[in-house]
1. I'd like the accessible area for residue B:267: 1.4 Å probe, protein heavy atoms, all chains in place, Å² to the nearest 10.
2. Scan around residue B:120 for amide H atoms under 5 Å from its own, H built in the peptide plane at 1.01 Å from N, and keep only partners 5 or more places away or cross-chain.
3. Measure nothing but the geometry: give the 0 to 90° angle between the long axis through the Cα atoms of A:83-95 and the longest principal axis through the Cα atoms of chain A, rounded to 10°.
4. I'd like the FRET efficiency for residue B:206 and residue B:162, computed as 1/(1 + (r/R0)^6) with the beta carbon distance as r and R0 of 22 Å, rounded to 0.05.
5. Please compute the modelled spin-label separation between residue B:279 and residue A:43, points set 7 Å along Cα→Cβ, answer in nm with one decimal.
6. What accessible area per residue, rounded to a whole number of Å², is obtained for the stretch B:375-497 using a probe radius of 1.4 Å?
7. Just to be sure I understand: if you take the accessible area of chain A alone plus chain B alone and subtract the pair, with a 1.4 Å probe, what total do you get in Å², rounded to 100?
8. Which GluC sites (Glu not before Pro) in the stretch A:1-78 pass both tests, a DSSP loop state and at most 16 other beta-carbon atoms within 10 Å?
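The values are calculated or read from the model by the stated rules, or taken from the named source; none is laboratory data. What you are looking at is a predicted structure, and each value in this text was computed from that prediction instead of being measured. Glycine also receives a Cβ, built like all others from the backbone with ideal geometry; neighbour counts cover every protein chain displayed. What goes into the accessible areas is simple: the full protein's heavy atoms, side chains included, and nothing from ligands, DNA or RNA. Shrake-Rupley method; radii C 1.70, N 1.55, O 1.52, S 1.80 Å.
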Amino acid sequence: MSLEIVDSCVGCFACEPLCPNKAISAVMQPGEPLFFINPDKCTECLGDHDLPQCAEICPIEGAIVDEYGEALNPLGSLTGIPLHLLEQMREAECRQ
Amino acid sequence: MELPVISNAAPPSGGGGCSESGCGTEPDALSHLPDHIRSKVQDHPCYSEEAHHYFARMHVAVAPACNIQCNYCNRKYDCSNESRPGVVSELMTPDQAVKKTLAVAAAIPQMTVLGIAGPGDPLANPERTFETFRQLSEQAPDIKLCVSTNGLSLPDCVDELAKHNIDHVTITINCVDPEIGAKIYPWIFWENKRIRGVEGAKILIEQQQKGLEMLTSRGILVKVNSVMIPGVNDQHLKEVSKIVKAKGAFLHNVMPLIAEAEHGTYYGIMGQPEPTPLELQALQDDCSGDMSMMRHCRQCRADAVGLLGEDRGDEFTLDKIDEMEVDYATAMVERAKVHEAITTELEMKRALKAAPKFNPDAPLEDEAVPATRNIRIAIATKGGGVINEHFGHAHEFLVYEIGPKEHRFLGHRKCTPYCMGDESCGDGETVLGGIIRSLEGVEVLLASKIGFEPWADLEKAGIQPNGEHAMEPIEDAIRAVYDEMAAAGKLALPRADSAAQAA
Ligand code: SF4
Ligand code: SF4
Ligand code: SF4
C-alpha cells in the first residue's frame, strides 16, 4: 500500500516535510518525477493521520496517485478550472 | 504599542508637534511616523522613494512550499503577484542563500535589505527560512531582514521572528470577509487537512489578523500588501485598509492583479480582468493614502539582485558564488563607509528640500502664478533618479503627477520593451499599442532617446515624446517640462477645475 508521485509534480517540497514516515525524497534525475515516495516506507499515513498528508497539501492536480493509478486530486478538483479550459491549456502548452 | 498609520489626513494636532523635516506643505508621507519608526523606514529601498535610488534589496528563494492556494498563483511559474519566483527558478538551500547574500553584499555595498518571499510561503518552510535568518543575523548584522507571508502560519512564527534581525514583515491580506476570501483562495492546508471554500478562507483571515496584531504589539513593522482583483475585492479593500491600519500596519500597499492566461492561474484562465492603471491609482489613493511612499514598489522578481530596477542576478549564479571567497568582515567596513556617504547625501537633500520652508521672507507667489492644471509625465529610467533609458528599451515607465508647485510619484507602468533589439522588433507595432494603452492618462514622455516611428505614434495618441532631458535628474526635468508647458499656455485650467484646485 503506497502512493506514488508522477511526472506532473512541480517539485514544490510541500509534501516532503509532512510525511510521518519520511517516505518522500527529492530525486534530482532528469526524466524522473521531481519527488519520489519510497513504497516500502509509505503507509498512506494509516495510524498517523486520517488522510494521506502528501495528497492533502499537494497543489498539483494529478501529481499523486494511488496503487491503481487513480489521482487523489483529480483534474479540476483543486483549482476549480473547468475541464475543457484545462484541456485547451494543455494543448497550447504542447504546441509551444 | 500603537503604530501610527500613514494617511493623507493631517496628523492629529497636540501630538507633540511635528518634526522639522515633515512640517512643510510638501506631502511627506513619513512625517506622521514617530522618529524611531521613521528612521527604520526612511532608508529602506522598499518604502522610501528617495532612498530607493540609492539602496538596494535582494531576495533569496529558499522557501518552496506553500500551505494555501491563491487563484492568482500557479506555483509552477514565477508569480507575478507576489514577489516570488516560481519553483522553476533557482531554489537554494539556506547555506547557499547565506553565501549568495554575503557575496552580493560585499560586491554591492548598497544592498541593505535581504528578503525571503518564496517561491512558496516562507513561514510554511520555517526551518529553511529561519536557518537563513539565523546565520545572517550572526554573520552580517548590517543587513536588514524581511519576510513576506500569506499569514496562515504567522501566529506560530511570531516568537521566532522576534529573535532575528527582522526589519519588517509583509502580510498579503486580500480580504477580511470569508465569502470574498472563498473567491480568492480555493483551499488552505490546516491541521493536517485541506480545507476548502469559505471555511478555509475564514481560518486564513483569522490567522492573518491575529498575526498582524501579535507583530505590531511586539513593535515589529508590518506592511500589508493586497492584490486588487476587480469585481472580487476592489471595493472591499477600502475596508481592509481601515482595519489593517487600525491594527497597526504602517503601510498598506495595493498591487494590481496580473492575470495572463499563459501563466495558467485560475484567474488567468478564467479571464478575470486586471485593473487598469487608472482604476488601480484611484484605489491606491483611497487605501494607501500616502503621497510618496511605496508607489515605486514594482513587484520585483523575488530573486532579483541589485539596485531596484536593474537586475544583476546573472553575476551571482550558484556556480559563480561557489568560486567566490567572501571576506565579510572587510566588506562590512567598506559597506559602512558607503552607507555613511549615502546617508550624508540623503540628509543634504532633505535639508535642501526643507530649507525654503523656513524663509519667512519668501515671496508669496500664489497670486502671481496663473492657475495651471496637473499633468502626468512618464519617465524611462534605469534607476539612479535620472532619465537614462531609451524609450525602446524600457521595461517600465515611472509616472509622475506634477502641478504648479508639487509633484508626486504615482507608480510604475510595466510594459514589453518596444524594441527588444532582435527580431521581436517585427512585432513592434502591437507592442507599441500596448505601451500606449499602459500610458493611459499620461501627456508627456521623457526618455534619453526615442525613435522616429514610436515618436509619431505617441504624438498621435496624445503623448508628447521628449528626448531633451537625457541624463537629467527626473525631478528637475519634469519641473522644467511643466514650466515650459505652462509658459506656453498649454496648461490653462478649465474654469470649473480652476476653482476646485484653488480650494
Ligand atoms: S501517504 Fe503519508 S506516508 Fe505515504 S508518502 Fe504520503 S505522507 Fe508519506
Ligand atoms: S506537493 Fe505535489 S507538487 Fe509538491 S513536491 Fe510534493 S508531489 Fe510534487
Ligand atoms: S501564498 Fe504565495 S505561493 Fe502560496 S499560493 Fe498564494 S501566491 Fe502562491
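1. Its accessible surface works out to 10 Å², give or take rounding.
2. Those lying under 5 Å, H to H, from residue B:120 are B:63, B:65.
3. Helix A:83-95 sits at roughly 80 degrees to that axis.
4. 0.60
5. Distance between label points: 5.2 nm.
6. With the other protein chains kept in place, the stretch B:375-497 gives 48 Å² per residue.
7. 1900
8. A:67, A:70
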